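All remarks here apply to the structure that follows.
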Amino acid sequence: MQYPAEIPGVSNAEFIRRALNARRPEGDRVPAREFLQELYEKMDFLAMKAEMAQRYLNQGFSGGKKKRNEILQMLMIKPKFAILDEIDSGLDIDALKVASKGVNDLRGPDFGALMITHYQRLLDYVVPDKVHVMMGGRVAGWRAGPGPAPGKGRLHQAARRAGPGH
């Protein structure tokens, strides 16, 4: 989500724990001690202060803190698939590295993501399996495996010359 909602009255820890419990069978709740231990480990991994766990969800957070909080939620909830819409937007280089570290930590056979970005710099830290470049509402090119995004260089120039709809 580009602009995560602020939810006064619901702490980050409470939100994440309820989300985790909602995915489990009735009566099989995440033990509090186990939950808090993992939460604080993930927060430390993302260089988040422990006090962030008790702050209300996204309330008064800077853009960088909101992004870290979204990554924390992903690390804790462990979705099978995530849509990361401009996760790099508005981040300085240090915050971008932390967000990328969180995304990279989720990589594996049980997780997939669609990352939407306008900038190459995200791809310097998160190496995708496939990259698709869209121009004029159409896929202008793609590549599989590591390497520069196909929007760099000849493909990007050819797509611009062809114009929309080609």
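Kindly evaluate residue 11 against the criterion of being closer than 24 Å to residue 130 by Cα, at pLDDT 90 or above, of a type in the set (S, T, N, Q) and in contact with a helix residue (DSSP H, G or I) (Cβ under 8 Å, 6 or more places away or on another chain).
In short, no.
Taking the stretch 87-139, which residues are aliphatic (A, V, I, L, M) and in a loop (DSSP other than H, G, I, E, B)?
Across the stretch 87-139, the qualifying residues are 87, 91, 126, 127.
Could you count how many residues in the stretch 68-97 are touching a residue at least 40 places away in the same chain (Cβ under 8 Å) and over 18 Å from residue 16 (Cβ atoms)?
Of the residues in that region, 3 qualify.
If a residue must be part of a helix (DSSP H, G or I) and free of Cβ contacts under 8 Å to residues at least 40 places away in the same chain, how many such residues does the stretch 23-67 contain? Write out each step before concluding.
Taking the stretch 23-67 as the starting set, the residues that turn out to be part of a helix (DSSP H, G or I) are 32-45, 50-54, 63-67.
Cutting the leftovers down to free of Cβ contacts under 8 Å to residues at least 40 places away in the same chain gives us 32-44, 50-51, 63-65, 67.
Residues that pass the stated criteria total 19.
State the number of residues belonging to the stretch 78-110 that are surrounded by fewer than 11 Cβ atoms within 10 Å (Cβ to Cβ), of a type outside the set (Gly, Ala, Ser) and more than 14 Å from residue 68 (Cβ to Cβ).
To start, the set of residues in the stretch 78-110 that are surrounded by fewer than 11 Cβ atoms within 10 Å (Cβ to Cβ) comprises 80-81, 92-94, 108-110.
Within this subset, residues satisfying the condition of being of a type outside the set (Gly, Ala, Ser) are 80-81, 92-94, 109-110.
When the remaining residues are screened for being more than 14 Å from residue 68 (Cβ to Cβ), the result is 80-81, 93, 109-110.
Looking only at that region, the number is 5.
Check residue 161 against each of (1) of a type in the set (D, E, K, R); (2) surrounded by 13 or more Cβ atoms within 10 Å (Cβ to Cβ); (3) at pLDDT below 65 and name the one condition it does not meet.
Tallying (1) of a type in the set (D, E, K, R); (2) surrounded by 13 or more Cβ atoms within 10 Å (Cβ to Cβ); (3) at pLDDT below 65, residue 161 fails exactly one: (2).
The values are calculated or read from the model by the stated rules, or taken from the named source; none is laboratory data. Here the structure is a predicted model, which means the values were calculated and not measured. For neighbour counting, all protein chains shown are included, and Cβ atoms are generated from backbone atoms with ideal geometry for every residue, glycine included.
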